[in-house]
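Taking it in order: structure first as structure tokens, then the write-up.
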Amino acid sequence: MQVIACFNIKGGVGKTASAVNLAYLSAKEGKRTLLWDLDSQGAATFYLRVKTLIKGGSKKLVRGRQDLLEVIRETDFEHLDLLPAYFSNRKIDIALSQSKNPTKRIAALIRSFEEDYDRLFLDCAPGLTLVSENIFEAANAVLAPTIPSTLAMRTLEQLRSHLDKNGPAGLMVLPFFCMVDRRKKLHKECISKTEAHPFRFLDTAIPYASAVEQMGLKRAPVHEYAANNEAAQAYSALWAELMSKL
Amino acid sequence: MTTNLLHLPEKSEPHRIFEQLKKHDQPTLRLVTDAPTEARIDYSDTYDWRIFRAGLTFKTNIGNPRVTLSLDDKDGRASAHFDCEKPIAFANQLPPGVFREKLYSITDVRRLLPIASVDEQVHPFRFLNEDEKTVVRGALISRETAGEGGIPLPTLVRLRGLRGYRSELDAALDLFRQSGAKPSPESELEDLVPVLERKPHLPRDLKVHLEDDEHATASAKRVFLRLLDEVEDQKQGILDDLDIEFVHDFRVAIRRTRSVLKNFARVFPDDDRIKFNKAFADLVRPSGPVRDRDVYLQKTDTYLQGLPAEAAADFAPLIDQAKRSRNQAQDNLVKLLREPEYAKLVKGWRKYLRSEDSDAHSTLPIRELAKKRIWKAYKRLREAGDAIEDHHEIERLHELRIDAKRLRYALEAFGSLFPDGSIKLLTKKLKALQDNLGDLQDLAVHQGLVAEHAEQLPASEGYRKALLAAGRMVAHLDALAVQERDRFHGLYATFREQEQHELYRRLFK
């Protein structure tokens, strides 16, 4: 089972939209795909019209495979399932910290259902937490959507520094530009400077598009209602590029 | 998530059903219908209903331009499906893959015979919750048999709850039950049984359970009657030329009959035994050329892969000749089965087996007789096998094959008198040896057939090339035979292992 995490220390960069759209494309290929919403905001869960879990979610996280499998919901899209968001990230962190191997608990859980799915996408909450440590242990690749701005590049540098010191060896980090507005000089300049960056950016950039913002209204992946839109096509290209690397 | 299959009352019209269901709409469970589609579904199975017996249904959805094959379970859920260009008659016509393996594991080499064709009107629907999320998917399927004068069939409801939405599925099921829906029978095919020409049946179990202290004649008669039923079961399939395995099973049943007659010579008076044995020998004889050619034609594709491409192409006229020759042999067999002598033999033999006159010949308990006969057959096989020093002694290998069959038939006919696990073990090792000897026999026969067909070829364009290709084929088959003969000693050594020998001694000496 391939495990792909969408993560950035900063919030509001397009993590959830990316996770949902890429998971959708994976399922379209006929691969059994699970999207795990690890952000208590529950945006991915909302997009896919599933209710968030309210009670006992973090306990289920620590208990094991069977309890997790019980809460999985099939989405409206063939081959795409969702593990809905739990109510509180704080409670997850507490539950993890109380378990054995607190930074590897999620990886152990993921291994327990690797026969059930071909691909697992993790939509992660922003910030460096015990959950994010778990993600780094579990993932084959970390996709880092990044808005082309100075602050965003600075945050990416913080992530790189953190992973150099604390991250598992050989973790594949794949930043890509998201919510790009090519009318903005700053965006263009930022993108042009990435050749020197230690992380190799993916070639595909996702443009800013109201069609993607409308995911909250349509409550569906962008390909379902705006397949010809530039952003939808960019996600398809991003998916192809990601697959060529994995 | 579970799929449920329901029947609706007769003459249920989909739009009325939907109207009725919509009256019960709630925010948490609201019905939405989608555009209907039409489909032609062809159902098929082997002549012995292997797919049906496996609890599955094989369907071909005749689409345009492609067809979809599916193996469905009893809830109508596709346990496997495959898109291809045209319908298939055999599992091995499919490209290698999961679907072919699954189908082949059930059907083996048997032909898929048509059972029924159904025209379907599929009315898909969904139930949504208050978030407009699909929680249950389903379809109402109106059906009738295909063609003119289509016979209406029960309307089906297929319901599937999405994972995690069990209570919604239960609520949807309740709604349908209130509309008069009832659980459907075990399989979709069961609805079709009243309109089928061929009905599903369980194949005959050739194993006859024998009692230790039963008299040998009484036991043998029960075995013979079962074998006779098996012979009769194949007749129509041979006449209709539905599947080459009918001829095979016909021959096996007759060979077993003759083998038991010979092996257990004391069970009937000699005159009767000789008379019936000869009659069955005459009966089985015309089926030999059919079976030889069927097996040959089945294997030619594999054989041709061992030739250079141009020789394989030049071989085509010989395959055509093989098919003509096979059809001629089939016509001869059909003629024999239609003759009064065949019906007379079957009737006479059945009457003989049921009459009390033949009862008292052997009062020896069957177990005692079985032990003696099996031990004798085993010893004979061992003596013949041990005497073969050079595995190129073709005649001796041919005789050994016959001895092996004799032992196998005796084990199978009277195996129920001995521990099941032991019989299975003995039969397994014997089968491996038999398969090798059988392959050798096939290769010898097929070399002969190639030569025969080459002689029969009409003079035509490509004739010389065909003759050359025939020569190359014979050489190729000879090389294959050398490989099989090289395997013989290893397989025979396994068969004659001390542990096996001890088991034969313990059970039968």
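The values are calculated or read from the model by the stated rules, or taken from the named source; none is laboratory data. Because the structure is predicted, anything quoted here is derived from the model rather than measured. Reconstructed Cβ throughout: ideal geometry from the backbone, glycine too, with neighbour counts over all protein chains shown. When the accessible area is computed, the model is the full protein with side chains, heavy atoms only, and any ligands, DNA or RNA have been set aside. Shrake-Rupley method; radii C 1.70, N 1.55, O 1.52, S 1.80 Å.
Using the Kirkwood radius over Cα pairs, work out the Stokes-Einstein diffusion coefficient for segment B:376-454 at 10 °C and 1.306 mPa s, in µm²/s as a whole number. Show your work: numbers first, answer last.
Values: Rh = 13.8 Å.
The Stokes-Einstein estimate is 115 µm²/s.
What number comes out for accessible area per residue over the protein assembly as shown if the probe is 1.4 Å? Units Å², please. Walk me through the intermediate numbers first.
Details: 36390 Å² over 755 residues.
Per-residue accessible area for the protein assembly as shown comes out at 48 Å².
Treat segment A:83-165 as a sphere of radius equal to its Kirkwood radius over Cα pairs and apply Stokes-Einstein at 25 °C in a medium of 0.890 mPa s; give the translational diffusion coefficient in µm²/s, rounded to a whole number. It would help to have the intermediate numbers written out before the result.
On the way: Rh = 14.3 Å.
For the chosen part, D equals 172 µm²/s.
Below 8 Å between Cα atoms, with a sequence gap of 6+, how large is the relative contact order for chain A in percent?
Values: 456 pairs, mean separation 63.3, N = 246.
For chain A, the relative contact order is 26 percent.
Past the 32 Å Cα-Cα mark, which pairs from B:K278/B:K379; B:K59/B:K221; A:K15/A:K100? If you can, show how the numbers build up before the last one.
Numbers: B:K278/B:K379 26 Å; B:K59/B:K221 42 Å; A:K15/A:K100 29 Å.
The pairs that break the limit, which is 32 Å between Cα atoms, are B:K59/B:K221.
For peptide B:134-145, compute the average count of partner chain beta-carbon atoms within 10 Å of each residue's beta-carbon. Don't jump to the answer; show the numbers that get you there.
Details: counts 5, 4, 0, 2, 0, 0, 0, 0, 0, 0, 0, 0.
Mean number of neighbouring Cβ atoms from other chains: 1.
Past the 12 angstrom mark, what percentage of all C-alpha to C-alpha distances in segment B:210-256 do you count? Spell out each step's value before the answer.
On the way: 671 of 1081 pairs.
Of all Cα-Cα distances in segment B:210-256, 62 percent exceed 12 Å.
Over both sides of the B-A contact, add up the buried accessible area with a 1.4 Å probe and give it to the nearest 100 Å².
Details: alone 25890 and 11590 Å², together 36390 Å².
Summing both chains' loss of accessible area gives about 1100 Å².
Under 1.5 on a/c is rounded, so check that first for segment B:450-509, then, if it is not, pick prolate when a/b is larger than b/c and oblate when it is not; a ≥ b ≥ c are the square roots of the alpha carbon gyration tensor eigenvalues. Write down the numbers at each step before the final one.
Values: a/c = 10.31, a/b = 3.61, b/c = 2.85.
Note, shape of segment B:450-509 comes out prolate.
Given a Förster radius of 41 Å and the C-beta distance between A:K188 and B:Y104 as r, what FRET efficiency does 1/(1 + (r/R0)^6) yield to the nearest 0.05? Numbers along the way, then the final one.
On the way: r = 59 Å, r/R0 = 1.44.
FRET efficiency, A:K188 to B:Y104: 0.10.
State the extension gain, in nm to one decimal, for the chain segment bounded by B:T28 and B:L196, taking 0.36 nm per residue of separation less the distance between their alpha-carbons. List each step's numbers first, then the result.
Numbers: separation 168, 0.36 × 168 = 60.48 nm, distance 4.30 nm.
Stretched fully, the B:T28-B:L196 segment lengthens by 56.2 nm.
Which aspartates and glutamates, on any chain, are close to B:K11 with Cα under 12 Å apart, when same-chain ones fewer than 8 places away are left out?
Of all the aspartates and glutamates, those that pass the test against B:K11 - Cα under 12 Å, at least 8 places apart if same chain - are B:E144.
What is the P(r) of segment B:1-104, as percent of Cα-Cα pairs per 10 Å bin from 0?
Histogramming segment B:1-104 at 10 Å steps yields 12, 34, 29, 18, 7, 0 percent.
Mind checking the full-extension length gain between B:H489 and B:K428? Use 0.36 nm per residue of separation minus the Cα-Cα distance, one decimal, nm. Write down the numbers at each step before the final one.
Working: separation 61, 0.36 × 61 = 21.96 nm, distance 1.69 nm.
Going from the current span to full extension adds 20.3 nm.
Return the distance in nm (one decimal) between the two label points of a simple spin-label model at B:D386 and B:H501, each offset 7 Å from Cα along Cα→Cβ.
0.6
For A:S26, what is the net charge nearby, where nearby means another residue's Cβ is under 13 Å from its Cβ and Lys, Arg count +1, Asp, Glu -1?
Details: positive: A:K28, A:K31, A:R32, A:R119; negative: A:E29, A:E78, A:D81, A:D118.
Neighbourhood net charge equals 0.
If you build the convex hull over the alpha carbons only and average its shadow over all orientations, what do you get for chain A? Give it in nm² to one decimal.
Working: hull surface 49.2 nm².
One quarter of the hull surface, i.e. the mean projection, equals 12.3 nm².
Using a 1.4 Å probe on the protein chains only, how many percent of the accessible area of segment A:73-192 belongs to carbon and sulfur? All intermediate terms of the calculation are to be shown ahead of the outcome.
Numbers: 2740 of 5550 Å².
Percent of accessible area from carbon and sulfur atoms in segment A:73-192: 49.
In nanometres, what is the gap between the two model label sites at B:Q236 and A:N140, each 7 Å from Cα along Cα-to-Cβ?
Distance between label points: 5.4 nm.
Of all beta bridges DSSP finds with both residues in chain A, what is the antiparallel percent, to the nearest 5?
On the way: 2 of 27 bridges.
So the antiparallel bridges in chain A amount to around 5 percent.
Quick check: at a probe of 1.4 Å, how many percent of the accessible area of segment B:133-187 sits on carbon and sulfur atoms?
Working: 1150 of 2280 Å².
Result for segment B:133-187: 50 percent of the exposed heavy-atom area is carbon or sulfur.
List the relative contact order of chain B as a percent without decimals, with contacts defined as Cα pairs under 8 Å and 6+ residues apart.
Working: 716 pairs, mean separation 70.3, N = 509.
Reported relative contact order: 14 percent.
Just the Kirkwood number for segment B:114-267, please: inverse of mean 1/r across all distinct Cα pairs, in Å, one decimal. Can you show the working numbers first?
Working: mean 1/r = 0.0485 Å⁻¹.
Evaluated on segment B:114-267, it is 20.6 Å.
Taking a cut-off of 24 Å, what percent of all Cα-Cα pairs in segment A:140-246 are separated by more than that? Mind dumping the intermediate values first?
Values: 1693 of 5671 pairs.
When every Cα pair of segment A:140-246 is considered, 30 percent fall beyond 24 Å.
Once the cut-off is 20 Å, how many percent of the Cα-Cα pairs in segment B:231-387 end up in the long-distance tail?
On the way: 7671 of 12246 pairs.
Here the long-distance tail beyond 20 Å is 63 percent of all Cα pairs in segment B:231-387.
Other chains near B:6-17: what is the mean number of their Cβ atoms within 10 Å of each residue's Cβ?
Values: counts 0, 0, 0, 0, 0, 0, 0, 0, 0, 0, 0, 0.
Shielding by partners across B:6-17 averages 0.
Give the distance, in whole Å, between the Cα centre of segment B:461-509 and the Cα centre of segment B:10-48.
The two parts, judged by their Cα centres, are 58 Å apart.
What does the convex hull of the Cα atoms of segment B:364-509 come to per residue, in Å³, rounded to a whole number? Display every interim value, and only then the final one.
Values: hull volume 18.0 nm³, N = 146.
Here the figure is 123 Å³ per residue.
Work out Dmax and Rg for chain B from the C-alpha atoms and quote the Rg first, both in angstrom.
Answer for chain B, Rg first and Dmax second: 28.8, 86 Å.
Summing -39500 (n - 2.57) over the DSSP H runs of n ≥ 4 in the protein assembly as shown and dividing by its residue number, what mean residue ellipticity at 222 nm do you reach, to the nearest 500 deg cm²/dmol?
On the way: 29 runs with 391 residues, N = 755.
Result for the protein assembly as shown: -16500 deg cm²/dmol, rounded to the nearest 500.
Given the Cα-Cα distance of B:R354 and B:T302 and 0.36 nm per residue of separation, how much length would full extension add, in nm? Could you put the intermediate results ahead of the total?
Numbers: separation 52, 0.36 × 52 = 18.72 nm, distance 4.70 nm.
Result: 14.0 nm gained on full extension.
Taking every Cα atom in the protein assembly as shown, find the radius of gyration and the maximum pairwise distance Dmax, and write them in Å.
35.2, 110
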